[in-house]
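**Q** I'd like to ask you about the structure that follows.
The values are calculated or read from the model by the stated rules, or taken from the named source; none is laboratory data. Computed from a prediction, not measured in an experiment: that's the story for all the values here. FYI the Cβ positions are ideal-geometry reconstructions off the backbone, even for glycines, and counts take in every protein chain you see. Surface accessibility is based on the protein's heavy atoms, side chains included, excluding ligands, DNA and RNA. Shrake-Rupley method; radii C 1.70, N 1.55, O 1.52, S 1.80 Å.
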Amino acid sequence: MKKFNASKFIRFLDKIVTIFAAVFFLTVIAFGVYCIWDSTLVYSAADSSNYTPYKPSDENAMSFDELRALNPDVFGWLEIYDTGIDYPVLQGENNDSYINTDVFGNYSLSGAVFLDSDKPKDFSDFLSVIYGHHMEQHKMFGDIDLFQDKGFFDSHKTGRLYYDDKDHELEIFSYVECDAYDSLIYGNYEGEKKKEFLKAIESRSKYYRKIDLTENDHIVILSTCDYSYTNGRMALLARIKK
């Protein structure tokens, strides 16, 4: 009978462990590379420069019409000056339509910037809400973060909202941190409720700028997630000037 050689068996086990360790290590590296590659694709897809050729202007209205022809859900454009927020605005059948779908109708984790499906596209309601994902690298609504700094809020007062084939100036007057079920920020307002909002919004804002709001004004809320707590939201509020 052959004598059992313990040292050879130990060397064999050592090789097996080394092989498994190498495979595991290479798998981790490959997964890491894939994650970086996938993340790069997500952020690349969310870059506002993808839509720059379609941005409406006095010289470029036809290009915007081309984008609307590609996707009839496109109806406007939102830009907050000195930020990465510079995107087409869409409205889907419901508020899930563009959570994971881009402007061109393709699946995308970055989604699109979209108006609440219950709101009129002429922004004739007292309050209208536009949603966008909270992303890093100045993508989508990630730059609402910048307004957490009072100095930035104080020095950045305007933007523009294009709809009905016209530019409308945005006067930014409030930055709010709230949750997704905040009835003041995400409520419906008619009649006396408008007065309630106008009375309450200053005290509810983290930062607020007096601009003499009235019940006849039209206000747009830019809403994105705040991942620092459950159901957290950041909201930037602006008056639409006709």
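**Q** How many residues, within region 151-208, are of a type in the set (Ser, Thr, Tyr), outside any loop (DSSP other than H, G, I, E, B), surrounded by 15 or more Cβ atoms within 10 Å (Cβ to Cβ) and in contact (Cβ under 8 Å) with a residue 60 or more places away in the chain?
**A** 5
**Q** Spot the failing condition for Ser39; the list is (1) open to solvent by 80 Å² or more (accessible area, probe 1.4 Å); (2) at pLDDT below 70; (3) among the hydroxyl-bearing types (Ser, Thr, Tyr), and only one is missed.
**A** It fails just one condition, (1).
**Q** Could you identify the single residue in Ser110, Ser128 that is out of contact with any helix residue (DSSP H, G or I) (no Cβ under 8 Å at 6 or more places or on another chain) and either crowded, with 16+ Cβ neighbours inside 10 Å or small (Gly, Ala, Ser) (or both)?
**A** Ser128 is the lone residue from the list that is out of contact with any helix residue (DSSP H, G or I) (no Cβ under 8 Å at 6 or more places or on another chain) and either crowded, with 16+ Cβ neighbours inside 10 Å or small (Gly, Ala, Ser) (or both).
Table: residues versus (1) at pLDDT 95 or above; (2) under 17 Å from the mean Cα position of the chain (by Cα).
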residue: Tyr54; (1), (2): no, no
residue: Phe64; (1), (2): no, no
residue: Asn71; (1), (2): yes, no
residue: Tyr81; (1), (2): yes, yes
residue: Gly92; (1), (2): yes, yes
residue: Thr101; (1), (2): yes, yes
residue: Gly111; (1), (2): yes, yes
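**Q** Condition (residue is touching a Cys at 6+ places or on another chain (Cβ under 8 Å) and outside any loop (DSSP other than H, G, I, E, B)) applied to region 106-121: is it met by at least one residue?
**A** Looking only at region 106-121, we keep the residues that are touching a Cys at 6+ places or on another chain (Cβ under 8 Å), and these are none.
No; the residues of region 106-121 include none that is touching a Cys at 6+ places or on another chain (Cβ under 8 Å) and outside any loop (DSSP other than H, G, I, E, B).
**Q** Would you confirm whether or not region 232-240 contains a residue that is more than 23 Å from Ser110 (Cα to Cα), open to solvent by 40 Å² or more (accessible area, probe 1.4 Å) and either modelled with pLDDT under 95 or within 16 Å of the chain's Cα centre (by Cα) (or both)?
**A** No; the residues of region 232-240 include none that is more than 23 Å from Ser110 (Cα to Cα), open to solvent by 40 Å² or more (accessible area, probe 1.4 Å) and either modelled with pLDDT under 95 or within 16 Å of the chain's Cα centre (by Cα) (or both).
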